[in-house]
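Engineer: The structure is given below, and queries will be raised subsequently.
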Amino acid sequence: MYRTALRNVLASKGRLLMTMLAVLLGTAFVAGTMVFSDSVGQAFKDSQSSSFDNISVQVHNSAAGSDAKASDNNSSALPLTDATVQRIAALPGAQSARGTVTGFAGLSDPQGNLIGERGNTQGSNWVPGADGRDSTYPMVQGTGPVNSRQIAVDQRTAEKNGFKVGDTVRLAVNGPVMQMTVTGIFTTVDPQVKAGGSLVLFDTATAQQLYLKAGQFTTIQAVAKPGTSEQQLLSEVLPVLPHSGNITAKTGVKLSADSTAAVQAATSGMRTALLAFAGIALFVGIFLISNTFTMLIAQRTRETALMRAIGASRRQITNSVLLEALFVGVFASLGGLLAGIGIGAGLKAFLGSGGNLPAGGLVIAPTTVVATLLTGVVVTVVAALLPSIRASRVPPVAAMSSNDQPATQKSLVVRNSIGAAFFGTGLAAVLYGAHLGGSSGRLPVGAGAGLILIGAFVLTPLLSRPLIALVGPLFARLYGVSGKLAKQNALRNPRRTAATASALTIGLTLISALTVIGASVTDAVTKQVTSGMKADYAVSVMLGEPVSPSALPAIKSTAGVSATSVIDSQYVKADGRDLSVSGFDADSFSRLVAPTMLDGSAGAIGQGAALVDKSTAASHHWSVGGSARFTYPNGSTGTVRIGGIYQDSGLLGPVMMSESVLSPHTTAPYYSAVLVSGTAGASPALEQALKDSTGRNPLVQVQSQQQMVKEFSSQISLLLNVMYGLLGMAVLIAVLGVVNTLAMSVFERKREIGMLRAIGLDRRGIKRMVRLESVAIALFGAVLGVAIGEFLAWAAVQLLKSSLTGLTTAFPAGQLAAYVLAAALVGLGAALWPARRASRLDILDSIKTS
Amino acid sequence: MTTTLLTAAARAVGLSKVYGEGDTRVTALDQVSVEFVRGQFTAIMGPSGSGKSTLMHCMAGLDSVTAGSATIGDTELGGLKDKQLTKLRRDQIGFVFQSFNLLPTLSALENITLPMDIAGRKPDHAWLDQVVATVGLADRLGHRPSQLSGGQQQRVACARALASRPAIIFADEPTGNLDSRSGAEILGFLRNSVRELGQTVVMVTHDPVAASYADRVVFLADGRIVDEMYGPTADSVLDRMRRFDAKGRTS
Ligand SMILES: Nc1ncnc2c1ncn2[C@@H]1O[C@H](COP(=O)(O)OP(=O)(O)OP(=O)(O)O)[C@@H](O)[C@H]1O
Ligand SMILES: [Mg+2]
């Protein structure tokens, strides 16, 4: 058996080529993902390993610096101050304590462009000891910054941008751009810098003024005296800390464990996502593999029957086929492993070339090798299981008959009933889930989507007849006899056509579902931005940082500005729950914001009343004329009249109030944006004037409604493009499947082709026949995929509706049509080689074959 | 000379066909010159391996010739490219092979009209009806080949060859796979198409009875034409064959 199987593999190696390629591509994807994520994870781990060496205990204020959110902005969040640092330093177990301030900085290169990606440049403070040095940041040139006009820059950033000691550089935090003098260039083990980021150092007072308040810190790092353990120091530190939920203390060991865990979580998220796409590709591969073995077995019917006739048992036949699959699986996944290692290395080199990844070698873990080989082998053998059982059913008498056994009608009836049951149940589940909506509908929709797909695959042979018959007349009209024959050929073995098309269906279902969801979300956001807003521009700071209150007067007095309003994002408590409240300038409100009022009036905001959105009003049982009781950020409580109820809007938030009512109850303003209207509407001149008046800070954004929509939709399309790219592998494997099916069909129909040539069909006609068959199969798979994808996207939109206001299903018909067209072209491409082969067949050889 | 030129549907002059080279060199046809006259039913006979199929293939433009020339009507095949040859086969030649003549996906009628479909021509309905009536398949036209008997399939193949009114029909052992009754039907049908429809038919056969349906029998041996006979009967053909055998054995 062993030898027969091996000989079969060798005899049909040409026909197994596509199968091998499919397994190879799928496993290469798996191996590449694992090698890449392992290597990146290791490199990140390495880059962090040394950064916590000098820290015994770290105290962190999560309500300060770049971690701070609007919800941290209340009186219960206590700061870390000079006093805290001194108290820690004075502890018996502490050798030293260092207060640090960190936050994002926008540093311009000599050409005036922002250095690095957003958030990639950090600012911190220089803490010189008695000797004038800071051991955390050894200076390679110059000295540390000592006043508010000086900074030090990390060595790599300085080298990359040609900064030298004495140079003046442009830098901004959330205020106007500052001209700073570089006093020193330092080295650091900071993991963010190792991963390609930049770091600038200010003197402590400047850093505090830029990021916090005078005398405050984001973090305090304490070093234990020799003989004092980290744990001991931690227990000394805890009692002297301000008691507030936003202040946490950890030992150095815990810190490095946490950061390792964070790296692991980050890489494993990416790894899981990539492996999911690899899984899809392999799943598509199953169709191809199974189809190949089915075709091989059909071609070998007589041989198999002969084996049975001379005494081979059914089990032996099955085993021989499975063994053949095993050989294919092993060969192909070995190839896949090698290719995957190459892909992993290439990917790391490519992504690391921009300096965004820490350096490090390639990690090929034993798990990678085992998982890759196992996946490849299991997928191949599982895919060959059904065909192998079918092979064992070949009766010995088939050796005597000349016909290849046709698929019996009965088994299709059984198949169709099963498929219809799956499809129907799935459809019902999805509809039910979509009806429920929200998170409770997620399970039925997810399970239903799976059932629909399975049902559709089981039903494709049945569906192939009417759907392909649709293109028949068109083909016949346009391409005459070649078109007619192509249609007949596509229909003659529904199982084969179905398996080939299904592979494409999977890819197109996912791609078109993503397209529809993406378009729907973009649509909803566009509606929100354009319907709730009348302002021409919104001034905001990147990375979710608030606009500095010091920038406000300059914005207001910019030439051409007719009205401005802040959006002050604060969190209050109502009925014991956190609630986001936005403060607007009441006198300009009506000129900048246009909520869709359902009850009451928007003007009530001018009389000190609050406007609430529909869902918040419902959940708090508030109605117009009633009142709400808030506990404000500064701890005071008060009652506010409800002046109106508006349609939910992600942009406006759940509650709007007059800033003059809100601000006396806050600890600090948090301007998430400043809205601006121009005397002459939006104009490039006004945009530029606003940029100028905010000090041309590269971190400050001045965006019109269109720009906001555009930015958002470009983010979505970037995400979509990445996913399309990853699904490309699945589509590629599906295309291999089409090539494979056609090549095998041409091989099987050799005599027919020879006969057609003899009675006068020319080479072009033969080519056209094969190509059109391919186009028919591809179109069938694509149309099915797009249809299922649209339906599932519709269901997904029903689920998302509750979390994104104004979401309705948008059908980008043009794009979906383009997919179908692209599929037809792909079909044409897949047929190139098989069609060429068919047209080159020697007539006499073909006729004589029997 | 002129008259023969006009009335010859196909002609071979000094036709040679050599397969392989060196040790494996086989001369399948050795300087064969033969004419197939219009409106005549010719049978080609000879021992296995004598070159009958090769002669047919070369004259029908399915195979290239090593030397000499083959002509269909007044078209010399030697100089033709694949495209022109294909067109010639489509428009001027009908084929009936020993087996596998039909496309399994098409109905009997669609198989019959296939050459016209390929050419993009509308079939002549009166003629088609006449052909179908002659083959006696009127009630089977919608059937697929798999639903027809071997004899019926061959009749469909004959109808296809006739339907496009080719200048000549080549049939290679069309009755080879059939029982004698079905074979007789096919042969009767081919003879009628010659007698009544004026068709030219060339048929390769091993069966003296089949040959007796023809107007003329050409005998091939070792790639050469060794004899011919007009108005053959089964007995006379058998007799001639026996003489070859005896000659072959004595020589
Ligand atoms: N493709 C080929 N390559 C090499 N030799 C060939 C080829 N085709 C035919 N021959 C040889 O040419 C000779 C004539 O073959 P051909 O098929 O014409 O014989 P035939 O008279 O039709 O025989 P049969 O009655 O068995 O069909 C034979 O010796 C055969 O072996
Ligand atoms: Mg022969």
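The values are calculated or read from the model by the stated rules, or taken from the named source; none is laboratory data. Only a predicted model underlies this, so the values are computations on that prediction, with no experimental measurement involved. Cβ sites come from the backbone with ideal geometry, for glycine too, and all protein chains shown count toward neighbours. Accessible surface is based on the protein model in full, side chains and every heavy atom, while ligands, DNA and RNA are left aside. Shrake-Rupley method; radii C 1.70, N 1.55, O 1.52, S 1.80 Å.
Engineer: Angle, helix A:494-532 long axis vs. longest principal axis of chain A, Cα atoms, 0 to 90°, nearest 10?
Structural biologist: For A:494-532 against chain A, the angle is about 20 degrees.
Engineer: Here's something else I'd like to know. List the equivalent ellipsoid semi-axes of chain A in whole Å, largest first, each obtained as the square root of 5λ for an eigenvalue λ of the Cα gyration tensor.
Structural biologist: Value: 63, 35, 25 Å, ordered largest first.
Engineer: Tally Lys/Arg at +1 and Asp/Glu at -1 over every other residue whose Cβ is under 14 Å from the Cβ of A:T372; what's the total?
Structural biologist: 0
Engineer: Roughly how tilted is helix A:813-830, in degrees to the nearest 10 and between 0 and 90, from the longest Cα axis of chain A?
Structural biologist: So the inclination is approximately 40 degrees.
Engineer: Assuming R0 = 60 Å, what is the FRET efficiency of A:R302 and A:F712, from their Cβ-Cβ distance, to the nearest 0.05?
Structural biologist: Efficiency, rounded to the nearest 0.05: 0.45.
Engineer: For segment A:546-698, what are the per-bin percents of Cα-Cα distances with bins 5 Å wide, up to the bin holding the maximum?
Structural biologist: Reading the bins upward from 0: 2, 10, 19, 21, 18, 13, 8, 6, 3, 0.
Engineer: What are the residues of segment B:105-150 that lose 20 Å² or more of accessible area, with a 1.4 Å probe, going from their chain alone to all protein chains?
Structural biologist: Residues shielded by partner chains are B:T105, B:L106, B:E110, B:L114, B:D117, B:I118.
Engineer: Hey, another quick one. Apply 1/(1 + (r/R0)^6) to the Cβ-Cβ distance of A:L719 and A:Q111, taking R0 = 30 Å, and write down the FRET efficiency to the nearest 0.05.
Structural biologist: With a Förster radius of 30 Å, E is 0.55.
Engineer: Further question: Over chain B, what relative contact order in percent results from Cα pairs under 8 Å that are six or more residues apart?
Structural biologist: Over chain B, the number comes to 26 percent.
Engineer: What 222 nm value per residue comes from the helices of the protein assembly as shown, counting each DSSP H run with n ≥ 4 as -39,500 (n - 2.57) and dividing by all residues, nearest 500 deg cm²/dmol?
Structural biologist: -17500 deg cm²/dmol
Engineer: Compute, for A:H435, the solvent-accessible surface of its heavy atoms (probe 1.4 Å) with the complete set of protein chains present, and express it in square angstrom to the nearest 10.
Structural biologist: Roughly 150 Å² of A:H435 is accessible to a 1.4 Å probe.
Engineer: Follow-up. For segment A:102-206, what D do you get in µm² per second when you plug the Kirkwood radius from alpha-carbon pairs into Stokes-Einstein at 4 °C and 1.567 mPa s?
Structural biologist: 97
Engineer: Could you tell me the accessible area of A:I517 in Å² (1.4 Å probe, neighbours in place), rounded to the nearest ten?
Structural biologist: We get 40 Å² for A:I517.
Engineer: Relative contact order for segment A:546-698 using alpha-carbon pairs under 8 Å, separation at least 6, rounded to a whole percent?
Structural biologist: Here the relative contact order equals 36 percent.
Engineer: Let me ask something else. I'd like the distance separating the alpha-carbon centroids of segment A:803-850 and segment B:188-202, in whole Å.
Structural biologist: The two parts, judged by their Cα centres, are 47 Å apart.
Engineer: Need one number: buried accessible surface between chains A and B, 1.4 Å probe, both sides summed, DNA, RNA and ligands left out, in Å² to 100.
Structural biologist: Summing both chains' loss of accessible area gives about 2200 Å².
Engineer: For chain A, what is the accessible area per residue in Å² when the probe is 1.4 Å?
Structural biologist: Normalised by residue count, the accessible surface of chain A is 42 Å².
Engineer: Sorting B:R165, A:R170, A:R300 by accessible area (1.4 Å probe), largest first, what list results?
Structural biologist: Putting B:R165, A:R170, A:R300 in descending order of accessible area: B:R165, A:R170, A:R300.
Engineer: In degrees between 0 and 90, to the nearest 10, how far off the longest principal axis of chain A does helix A:705-748 point, with axes built from Cα atoms?
Structural biologist: 20
Engineer: If you add up the charges near B:P115, with Lys and Arg at +1 and Asp and Glu at -1, over every other residue whose beta carbon is less than 13 angstrom from its beta carbon, what do you get?
Structural biologist: Combined, the nearby Lys, Arg, Asp and Glu give +3.
Engineer: What nm distance separates the two modelled labels at A:L374 and A:L821, each placed 7 Å from Cα along Cα→Cβ?
Structural biologist: With each label point 7 Å from Cα toward Cβ, the separation is 4.7 nm.
Engineer: Heads up, I need the accessible area for B:L197: 1.4 angstrom probe, whole protein in place, Å², nearest 10.
Structural biologist: Its accessible surface works out to 40 Å², give or take rounding.
Engineer: Here's something else I'd like to know. So what is the relative contact order of chain A, in percent, for Cα pairs below 8 Å that sit 6 or more residues apart?
Structural biologist: The value is 17 percent.
Engineer: Could you give the nm distance between label points at A:K254 and A:S615, where each point is 7 Å from its Cα heading toward the beta carbon?
Structural biologist: 3.6
Engineer: Carbon-plus-sulfur fraction of the accessible area of the protein assembly as shown, 1.4 Å probe, in percent?
Structural biologist: Carbon plus sulfur share of accessible area: 58 percent.
Engineer: Straight-line reach from A:K527: which lysines have a Cα under 26 Å away, not including same-chain ones fewer than 8 places off?
Structural biologist: Output for A:K527: A:K614, A:K710, A:K801.
Engineer: Please identify, among B:Y19, B:Y213, B:Y230, the residue showing maximal mean-square fluctuation in a Gaussian network model of chain B using a 10 angstrom Cα cutoff.
Structural biologist: B:Y19
Engineer: Report, in whole Å, the centroid distance computed from the Cα atoms of segment A:579-632 and segment A:696-773.
Structural biologist: Comparing the Cα centres of segment A:579-632 and segment A:696-773, I get a distance of 51 Å.
Engineer: Any residues in segment A:755-789 that have 10 Å² or more less accessible area with all protein chains than in their chain alone, probe 1.4 Å, and which are they?
Structural biologist: A:M755, A:L756, A:R757, A:A758, A:I759, A:G760, A:L761, A:D762, A:R763, A:R764
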